Every structure is written in structure tokens, then in C-alpha cells.
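Asker: I have a structure here, written as C-alpha cells, and I will follow up with some questions on it.
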């Protein structure tokens, strides 16, 4: 059974264990879509780790979700207001979004699932929890920018943003296809009120 927790409610050791289990995740600490490239690179592993831990500790809005199986952390999903992911929303991929929505539309920029837990429903459980969290916090909609098409396997970290079928199965609809390998997907959540 998969259990999902807000990253703000889990021991720091669980974040260390999860991110430390993969070379790319251990360097990134989910700061790639938040900080400028120059800052991301100069911060290195320790700086990115400290930045995420600080963000989790002080941010009013949730920063991410952790998936557990048998008591061990097996997955991560970053989620929060689109305005947090400044670097991501300024990319050519996200061109055309309405900046006026940046605080009311939530964004799922990335996932990390341990290799031993992949293709077992962890990402789907995390995405469902992200939708619920965004709804609970009054978001009007939630978006992602997964890899386009029906491929669900890749080597390396190409699919850290998720895959189109994952988002489709969670009720997201394509908004636009900025490239052959990327699709902007959105799920309306209703107006806060």
C-alpha cells in the first residue's frame, strides 16, 4: 500500500534517504525549476539540499509530497503555486500561459520515483494527492508539462516531469504542444469560494 505525506510533515531523514538514493535527485533536490541555472549549479548538492529543506520549513503553501511503501520513502512529487516555479514558467515550453494565474494555478513540475518502485502506481498516487492538495488550498486549476506521447519508459531522468498518459488518467487535458516531446496539460479544479 502506498501512503502519501506532505513533505513538511515528514522527518528530514526521509528526504535525505529518498533524494540520496539517486545521483541526479541528490544533486537537484528539486530546485532545478525554482532557481536560476547559475545559482543551481553554484549551489551544488549541499546548497540545493539546504534550499529545499528551508523552503519546506518556511513556505506557507506545500512544496511537495512524499510517497511511502512499507514505511520507506519511495517517491516525490513537487507541487505548489505556479509562481514558485519561476524558471519553469519562463521557458519557451510554458510560453503562452497567463501570468495573472500564477498564484491560483498550481503546477507539478517533477517527480522522482526510486527505480525499485517504478511502474507500480507511485507516480499516479502522488499526482492524485497533488490534485487533492491543490484543491484543498483553493487552486483554480493544476498543470504539468509531461513528456508527450504514449511512451512510458526512458533511460535517465528524461521523464522526471511525468508522462502524458499519467496526466490523462488523472483527468488532465492537453492545452498545447510546444514541441514534439512536451505537452502542457491542465485540470480545472473550480473557482475558490
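Asker: Just 86, 70, 14 to compare: in a GNM of the chain, with alpha carbon springs under 10 Å, which one fluctuates most?
Answerer: Comparing 86, 70, 14 in the GNM, the peak value goes to 70.
Asker: How many nm separate the modelled label positions at residue 181 and residue 9, each set 7 Å beyond the Cα in the direction of the Cβ?
Answerer: 3.7 nm
Asker: With volume of the Cα convex hull per residue in Å³ defined as stated, name the option among [x] 141; [y] 130; [z] 116 computed from the structure displayed.
Answerer: [z]
Asker: Oh, and also: How would 41, 49, 186 line up from fewest to most surrounding beta-carbon atoms within 10 angstrom?
Answerer: On the way: 41 12, 49 22, 186 19.
In order of increasing Cβ crowding within 10 Å: 41, 186, 49.
Asker: Now for a separate question. Compute the FRET efficiency between residue 86 and residue 21 as 1/(1 + (r/R0)^6), taking r as their Cβ-Cβ distance and R0 = 30 Å, and round to the nearest 0.05.
Answerer: Calculated transfer efficiency: 0.60.
Computed from the coordinates by the stated procedures, all read-outs in this text should not be read as laboratory data. These numbers come from a predicted model, not from an experiment. Reconstructed Cβ throughout: ideal geometry from the backbone, glycine too, with neighbour counts over all protein chains shown.
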